[in-house]
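One structure is given here, and the rest of the page talks about it.
The values are calculated or read from the model by the stated rules, or taken from the named source; none is laboratory data. The model shown is predicted, which means the values in this text are computed figures rather than measured ones. Cβ coordinates were reconstructed from backbone atoms using ideal geometry, including for glycine residues, and neighbour counts include every protein chain displayed. Surface areas here come from the heavy atoms of the whole protein model, side chains and all, with no ligands, DNA or RNA. Shrake-Rupley method; radii C 1.70, N 1.55, O 1.52, S 1.80 Å.
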Amino acid sequence: MTTLRTIWWKIYPSDDRHRWMPLLWLPFMIWFFVDPVSRHTGLLGWVANTFFGLVFILIYLQAFSRRDPYRLTCVLAMTAMAAILIPLNGGATAFLVYAAAAGGFHPNLRRVSVLIGLQVAVLAFYAYRLHLPLGAWGSLLLLTTIVGFGCHYSAISHCAAEKLQLAQDEIEHLAKVAERERIARDLHDLLGHTLSLITLKAELARKLVDRDPQRAKQEMQDVEHTSRAALADVREAISGYRGQGLAAELLRARQTLETAGITVDCEASEVPLSPAQETVLALALREAVTNVVRHAQAQTC
C-alpha cells in the first residue's frame, strides 16, 4: 500500500490549489477509449490507442501538479497529441478541452489567451479538414473557450485569496509584535518604578532595623504591599488593562519620593481625560519619578 501511494504521489503530487478536481474530469476520457471499439479497430490499434490515452492522462496530471515552465510544456504536449491523434480517433478532440483546462490555470491572461487560441486553431483546422458538422465543432469550440477562461478566473480568484491570506497573516504577525512590544514597554515602566521603590524601602529597613525596629517593620510591610501591587500591575499589563488612574499614580509618586528622602511639592486639579490619556500620563509620571530617584540626586521634587 505504501509503495502504491508513493508511486501515485510521484504521478500526481496534488496540492491545496487543485486537490482532486482534475481527477473528476477524467471520466470524459471514456470516449477516446471507446472510439476504437466502435470502429472495430484491430488488437494492435487498440493497444496503441490505449497506450497514447494513458500517456495523455499522465501528462494531464503532471500539468496540474507541476510548476512552470514544466506545466507549459505539458500543456503544449497535450495540444500536440490532440493535433496528431484527432485524425485517428475522434475522441481526441476532448484533449483540447483538457489542455484548455490545464493551460487556463494561470493568472496571466495573455498567456492563457495564446494557449486557448492555439487549441481553437487546431480545432478549427480539423473542423475544416474533416468536414465536422457545425453543431459538433461549435459546441467543442464553446466548451474549450468556457473551460479555459473559467479556469483562468479560478486561478485569479485563488491568487487573490492567497494574497489576502498573506496580508491577514502579516497583520496578525504585526499585531503580535506590537503586543509584545507593548507588554515589554509596560513591564519596563511598571517594574522599573516598583523595584526602585522596593529597593529604597529595603535599604531603609536595613538601616533602621537596629535603631528603630518598629519603623523597620513598617517599611518591610510596605515592601510586601508594594510587591503585591507590582504583581497585580504585571497581571494587568499583560491582560492589557490598567485603570488606577492619574490620582493614584500621584499618590504613589509622593510615597516613592518621600521614601527616597526627597521633599515633595505636588499640586493637582481635576482634568477631564479619557482612560487612554490618563494611562499615558500616569506612565509618564511613573517613569519620571523613577528617573528622579535613580539619577537626579535631588533634595526637592
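Before moving on, here are some points about what is shown:
- Here's how it looks for Ile262: its modeled amide H is under 5 Å from none belonging to a residue 5 or more places away or on a different chain.
- Extended-chain gain in nm, criterion 0.36 nm per residue less alpha-carbon gap, Glu181 and Tyr153: 5.9 nm
- Sulfur and carbon atoms: percent of accessible area, the chain [1.4 Å]: 65
- Here the chain is assigned +1 on the Cβ of each Lys and Arg and -1 on the Cβ of each Asp and Glu. Its dipole about the Cα centre then comes out at about 1580 debye.
- Modelled FRET efficiency - R0 41 Å, Ile171 with Ala229, Cβ distances, 0.05 increments: 0.70
- Projected-area average for the chain over all orientations - Cα convex hull basis, square nanometres: 29.6
- Computed over protein heavy atoms with a 1.4 Å probe, the accessible surface of the chain works out to 62 Å² per residue.
- Anisotropy class of segment 46-87 from Cα gyration tensor, a/c 1.5 cut: oblate
- A Cβ-based charge dipole, computed about the Cα centre of segment 156-277 with Lys and Arg at +1 and Asp and Glu at -1, lands at about 400 debye.
- Cα-based Rg and Dmax for segment 111-159, where Dmax is the largest Cα-Cα distance (Å): 12.5, 41
- Considering only Ala205, Phe64, Gln168, and ranking their Cα positions along the charge dipole of the chain that arises from unit charges at the beta-carbon of Lys, Arg, Asp and Glu, the one farthest toward the positive end is Phe64.
- Euclidean distance of C-alpha centroids, segment 123-184 and segment 243-262, integer Å: 63
- Karplus-derived HN-Hα couplings along segment 295-300 (A = 6.51, B = -1.76, C = 1.60, θ = phi - 60°), whole Hz, x at Gly and Pro: 10, 7, 6, 8, 9, 9
- Working note: Karplus 6.51/-1.76/1.60 with θ = phi - 60° gives segment 118-134 the couplings 5, 5, 5, 5, 4, 5, 5, 4, 6, 4, 6, 6, 9, 6, 5, x, 4 Hz, where Gly and Pro are set to x.
- Shape category assigned to segment 209-301 from the gyration tensor of Cα positions, a/c cut at 1.5: oblate
- Entry note, the chain: the mean residue ellipticity at 222 nm calculated from DSSP H runs of n ≥ 4, each adding -39500 (n - 2.57), is -26500 deg cm²/dmol after division by the residues and rounding to the nearest 500.
- FRET efficiency for the pair His188 and Leu76, taken as 1/(1 + (r/R0)^6) with r the Cβ-Cβ distance and R0 = 51 Å, rounds to 0.25.
- Inter-label distance, nm, simple model (7 Å from Cα along the C-beta direction), Leu88/Met21: 3.2
- Förster-model FRET efficiency, 41 Å R0, Phe33 and Arg110, C-beta, rounded to 0.05: 0.70
- Subtracting the Cα-Cα distance of Val47 and Val209 from their residue separation scaled by 0.36 nm leaves 47.9 nm.
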